[in-house]
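The values are calculated or read from the model by the stated rules, or taken from the named source; none is laboratory data. Since this is a predicted model, take the numbers as computed values, not measurements. Neighbour counts are summed over all protein chains in view; Cβ atoms, including those assigned to glycine, are modelled from backbone coordinates with ideal geometry.
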Amino acid sequence: MNPPLALDPRDRRPLYVQIADGVVAAIERGELPPGARLPAMRSLARQLGCALITVSQAYEMLAVRGRVVSRVGRGTFVAPATASESEGAFARKWEPDLGQVARAERMEGVLDRLARAGAPGAISLGTGHPAPETFPLTDFGRAMARTLTDDPPEAMQYRAHTGDPDLCGALAAGLRSRGCDARRGDIIVTSGAQQAADLIASVLLTQRAVVAAEAPTYPGTLGVFDARGATYVEVQSDAEGVRVDDVERVFAEYRPRLFYIAPIAQNPTGAVLPARRAKAIVALARRYDVVLLEDQTGWNFTYDGPAPAPLAAYDDDGRVVLMESLSKSIFPALRIGYLLVRGGMRDSIESAKVRTDSFTSTLTQRALWRFIESPAFARHIKAARALYRTRRDRFVDLLTDALPWAAITPPQAGTNVWLPLPARISTQAAFDACAREGVLVMPAEPYYPTRSGPPALRLSFGDLDQTAMVTGVARLAKALDRLRASSAAVAAHSSHSSKENVV
Ligand SMILES: Cc1ncc(COP(=O)(O)O)c(C=O)c1O
């Protein structure tokens, strides 16, 4: 069946997105019912006057969104309707009404897989959690007790929805010491960085808005963008983070609405973006009118020199929005993050915050302010950074010895290592083999904005003591060595049969 599709060169959406959207519209109008066969890629490319790869990308995107299914050798078909008739109207009514939300998994399914694979005695290199022994609970307890005794009862009244003024002042002062022109009134305290990302997305992203992102990058934020129906364009990186030439290519070609970037403690690679790149990226954002969302989570755990200034330090028109979670640097139970927002977006983000949860717990904010202002905060960061640096060095040494074939780039910040796998080993096979060996690892796919990319694993060392680290790496090496051996055997066999096999 041929849906009426046409490409519009003035449309800012990439061609493959236009095709995918056209197919979805035809499905929605009932012109392509469930089970209908889509045109063969080659003939559609001919009909539209575009490259075969463009149609192939469009079909791939539709498959990821769960709109079509591909059957090898037979073609691509419209997927069955999601809610069956027998489920009735009630079940369908409560499906999230998010338009063309990507329904394929981001983190949800992966966390289930990790939980299922977690047999007793398994060691987790998968979670990326901070080390509980660093949590400054005694000092924080003191700050909390003082909050309850010293603050007047009015302090616990309904309060400013953008955050406690004292805490906002302390956060702004911290940013000023890093070169940003930040005032107390530029801060919005949020319930974790997750909410910070959601507020930004709710204000900036309409359905199908083009979002540029690093690949790989932090899937928690990508999940927020998925829910707004974002279309992704990936930006290439090297050992120093995002490549400026590729940022320019993507900005010029796709004119994204937003570029999500973690310039320091990039999760999962641990790369730190040098100042000259940061400056150039802000200049490009200005030239191509792109909003930058920079995620500064984990910046205080930079190991090989001082952390560079945030991108916001080079911003002069409010197009750089900064977010940071304090989950990693203090402890996750705080559920505190914040945004630095200046300029035109601020009012809409404030309104979105009020709509979402009125304000973030003032009790926690007041205690956090007292803790941050006390000498205990600097002591805590120094001690935690020293612990993570020791663990980073030990972990990288163990991995380098145990996996001599692997290209391991030591993280300059944060608590993760990105392990690219040999091309013949699939991420899924590596995940399963590791789980069988009693070690849990994070699969790569959720970290790719488009959910597909070269096979790789994210390995985290933040909460691993010496014994867990040694045993975990030994199990990982055993699992991967076995897979490499079997993939080598398959490769030898297929060189006779000329078939591509991936283990
Ligand atoms: C880069 C990055 N951003 C944001 C977050 C989320 O932070 P929060 O716990 O405040 O939601 C994390 C947590 O792992 C992270 O690594």
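Which numbered condition in (1) assigned by TED's automatic domain parsing to the domain that holds Ser486; (2) surrounded by fewer than 21 Cβ atoms within 10 Å (Cβ to Cβ) is the only one that Asp357 fails?
Of (1) assigned by TED's automatic domain parsing to the domain that holds Ser486; (2) surrounded by fewer than 21 Cβ atoms within 10 Å (Cβ to Cβ), only one is false for Asp357: (1).
For region 281-288, check the following and say yes or no: at least one residue is within 16 Å of the ligand (Cβ to nearest atom) and crowded, with 24+ Cβ neighbours inside 10 Å.
no
Among the residues of region 205-221 satisfying the criterion of being part of a helix (DSSP H, G or I) and in contact with a Phe, Trp or Tyr (Cβ under 8 Å, 6 or more places away or on another chain), which is farthest from the ligand (Cβ to nearest atom)?
Step by step, filter region 205-221, then rank; the result is Pro219.
Out of everything in region 231-246 that is in contact (Cβ under 8 Å) with a residue 60 or more places away in the chain and under 22 Å from Pro14 (Cα atoms), what residue ends up being surrounded by the fewest Cβ atoms within 10 Å (Cβ to Cβ)?
If we take residues in region 231-246 being in contact (Cβ under 8 Å) with a residue 60 or more places away in the chain and under 22 Å from Pro14 (Cα atoms), then Glu234 is surrounded by the fewest Cβ atoms within 10 Å (Cβ to Cβ).
Restricting to region 182-204, what's the tally of residues that are buried (at least 21 other Cβ atoms within 10 Å of the Cβ) and either away from the ligand (no atom under 12 Å from the Cβ) or within 20 Å of Tyr232 (Cα to Cα) (or both)?
Final tally of qualifying residues: 10.
Could you run through region 315-345 and say how many residues are part of a helix (DSSP H, G or I), modelled with pLDDT of 95 or more and surrounded by fewer than 20 Cβ atoms within 10 Å (Cβ to Cβ)?
The number of residues fulfilling the criteria is 2.
Please name all residue pairs, on different chains or six or more residues apart, with Cβ atoms under 7 Å, provided the first residue is in region 154-170 and is in the same structural domain as Arg346 (by TED's automatic domain parsing) and the second residue is in a helix (DSSP H, G or I) and aromatic (Phe, Trp, Tyr).
Asp164/Trp369; Asp166/Trp369; Leu167/Trp369; Ala170/Trp369
Six or more apart or on different chains, Cβ atoms under 7 Å: show the pairs whose first residue is in region 414-428 and more than 30 Å from Lys328 (Cβ to Cβ) and whose second is within 16 Å of the ligand (Cβ to nearest atom) and modelled with pLDDT of 95 or more.
Sorted first by the residue in region 414-428, then by its partner, the list stays empty.
What single numbered condition from (1) in contact with a Phe, Trp or Tyr (Cβ under 8 Å, 6 or more places away or on another chain); (2) within 16 Å of the ligand (Cβ to nearest atom); (3) not in a strand (DSSP E or B) fails to hold for Ala367?
That leaves (2) as the condition not met.
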